[in-house]
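All remarks here apply to the structure that follows.
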Amino acid sequence: MNQLTEATMVEQVVTNETGSQSIEVENLVIDFALDNALFNRQYMRALNGVSFSIKAGEAMALVGESGSGKSTCARTLCRLYKPTDGVLKLNGRDINASASKITQTELAKQIQMIFQDPFGSLNPVHTIRHQMYRPIRIHMPELKGDAIEDYMLGILERVGLSPAKQTAAKFPHELSGGQRQRVAIARALATGAKFILADEPISMLDVSIRLGILNLMADMKEEGIGFLYITHDIATARYFAERTGVMYVGHMVEWGNSDSVTQNPQHPYTQLLISAVPEVGRQRGSATVDGKKSRIPLWKPDSKGCPFAARCPKVTDQCHTEMPSVTQVAEDHFVRCFAL
Ligand SMILES: Nc1ncnc2c1ncn2[C@@H]1O[C@H](COP(=O)(O)OP(=O)(O)OP(=O)(O)O)[C@@H](O)[C@H]1O
Ligand SMILES: [Mg+2]
């Protein structure tokens, strides 16, 4: 086993160069205000030093209980939140630096989000055609007239919504949940996006159609699209994503090759999560340690130690005062824990 310093850890996590298309998240910190006080405002730390990368044609899964910061990672990548600290790079360019001059439209052309509830993300009063045209007009200004229609129908076919012409004329309520999620994916694809942030994209779908959506996303991966795949379901993380990061209270406690992390979990929290599959910790504080329910702590900017210390079966005094360093346990498998 190999103990890593913080600097080499970020390097190991982030520098996985295979091509120029990549998203890199380095030491991301996000604080949210807990009140509106003018003085002595209290903050909670939703993300504390999170690092990962997504390469073209690969998926990075984020798993963890409710409130662990998975969606915050995705929203920050879309610039919905400004990082308190850390760097986000798209193809090597800092997304947030004013010098990078990446406009919101440029960012949306490269990075698109798909949400849990496909009905909520579609406008019920417009046809699918209308909803597809908007991103195409914004992001594909070179397409005019019939070329827009042809492009749109081609994308609907590509996501399995054939016959595309009939689908395009329908309203969202005339489609099934799985078909609506395919429309959401089609809209993301229509921009020409190279990265898709999929925030629990199958959790609201019937179990029987989940695999169809996952396989569609797997095909898109083969065509070079990179995914951030957020899920409560470790089995699908292993099935779909090359790499998996396990989040707990805003910290990535274990990460690396999905097979290694899910088949040979080393962090006590990951072991607990995996023992509770398939749909772990959907309720905040619902997972149990030694048969007892325990609450997930609120992390503050001045909190110390390991975030899991209060619930950990292997806790020692050191865990309450010091953040564990990172240990490399396999070629692409890293764990932040003293008890290794
Ligand atoms: N805009 C916000 N303002 C204040 N706090 C927020 C905001 N967004 C998220 N949080 C807090 O940040 C923490 C992480 O939330 P996040 O939504 O990222 O969790 P999650 O892992 O996606 O959970 P879930 O699995 O339930 O979707 C939570 O404690 C949440 O209450
Ligand atoms: Mg979420």
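The values are calculated or read from the model by the stated rules, or taken from the named source; none is laboratory data. In this text, all values refer to a predicted model and were calculated from it rather than measured experimentally. With ideal geometry, Cβ positions are generated from the backbone for all residues, glycine too; neighbour counts draw on all protein chains shown. Accessible surface areas use protein heavy atoms only, side chains included; no ligands, DNA or RNA. Shrake-Rupley method; radii C 1.70, N 1.55, O 1.52, S 1.80 Å.
Observations on the model:
- Taking every alpha-carbon pair under 8 Å whose residues sit at least 6 apart, the chain reaches a relative contact order of 22 percent.
- Convex hull volume per residue for the chain, taking Cα atoms only, in Å³: 152
- Per residue accessible area of the range 113-162, 1.4 Å probe, in Å²: 53
- Cross-link reach list, lysines versus Lys144, counting only Cα pairs under 24 Å and skipping chain neighbours closer than eight places: Lys109, Lys165, Lys170, Lys194
- Dipole axis of the chain (+1 Lys, Arg; -1 Asp, Glu on Cβ), positive-most option in Tyr248, Ser66, Pro265: Ser66
- Note on the chain: with neighbouring protein chains present and a 1.4 Å probe, carbon and sulfur make up 51 percent of its accessible heavy-atom surface.
- Here Lys300 is the anchor, and the lysines within straight C-alpha reach of less than 28 Å, apart from those fewer than 8 places off in the same chain, are Lys70, Lys82, Lys89, Lys292, Lys314.
- Phi to ³J(HN,Hα) by Karplus 6.51 cos²θ - 1.76 cosθ + 1.60 over the range 145-161, Hz, x for Gly, Pro: x, 4, 5, 5, 4, 4, 4, 4, 5, x, 5, 4, 4, 4, 8, x, 9
- Cross-link reach list, aspartates and glutamates versus Lys221, counting only Cα pairs under 14 Å and skipping chain neighbours closer than eight places: Glu58, Glu242
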